[in-house]
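Note sheet for the following structure.
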């Protein structure tokens with residue numbers, strides 16, 4: 001079982017690591033963790049966008065439990081928002097305060113309202129606690145991809 005303190009520590013740890021990658025140079029930002037996979041730059045944009053989606057879901061469930069919340073198509077966002085040309089600083093400036101807000105809601109809502117339910121359009125019935133836990137696991141999943149990309153052979 002996740003405790004509030006442990007979850008906040010994990011969210012802070014992944015926040016700090018993620019923020020560090022926003023200052024990588026262009027060569028490292030272009031690296032991928034596998035053939036045909038997103039470059040680090042795209043992963044960072046995706047993390048910022050995902051944080052906004054998670055925050056929306058969390059605020060929605062706190063305010064209006066029981067709603068159906070639709071999945072978002074990450075590839076459509078990457079194309080539509082033109083991740084290749086989107087200024088990375090914009091995503092950096094979006095990620096940090098959004099993560100701070102999520103951490104605030106973990107502290108105020110995880111125990112008090114964590115059992116509030118919603119329906120995710122593809123994964124079904126979920127709770128607010130599930131969504132909080134997903135924020136941390138999602139960020140760590142993508143940090144592992146970034147670490148793999150940066151550890152791989154350099155081209156050049």
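Every number here is computed from the coordinates shown, using simple stated rules; none is lab data. What you see is a predicted model; the values in this text were computed from it and never measured. Quick reminder, even Gly has a Cβ in these numbers, built from the backbone with ideal geometry, and neighbours come from all protein chains shown.
The modelled label-to-label distance between residue 85 and residue 16, using points 7 Å beyond Cα along the C-beta direction, is 3.8 nm.
Its Cα gyration tensor gives region 4-151 an equivalent ellipsoid, and the semi-axes of that ellipsoid, as √(5λ) in whole Å with the largest first, are 27, 17, 13. With semi-axes defined as the square roots of five times the eigenvalues of the C-alpha gyration tensor, the equivalent ellipsoid of region 48-99 measures 24, 15, 5 Å, largest first.
Which one of 95, 33, 110 has the biggest mean-square fluctuation once the chain is modelled by GNM with Cα springs under 10 Å? Answer for the Gaussian network model of the chain: 33.
The distance separating the Cα centre of region 96-156 from that of region 42-79 comes to 10 Å. The label-point distance for residue 72 and residue 112, in a model that sets each label 7 Å from Cα toward Cβ, rounds to 2.6 nm. Once the chain from residue 101 to residue 120 is taken as fully extended at 0.36 nm per residue, the excess over their C-alpha distance is 4.7 nm.
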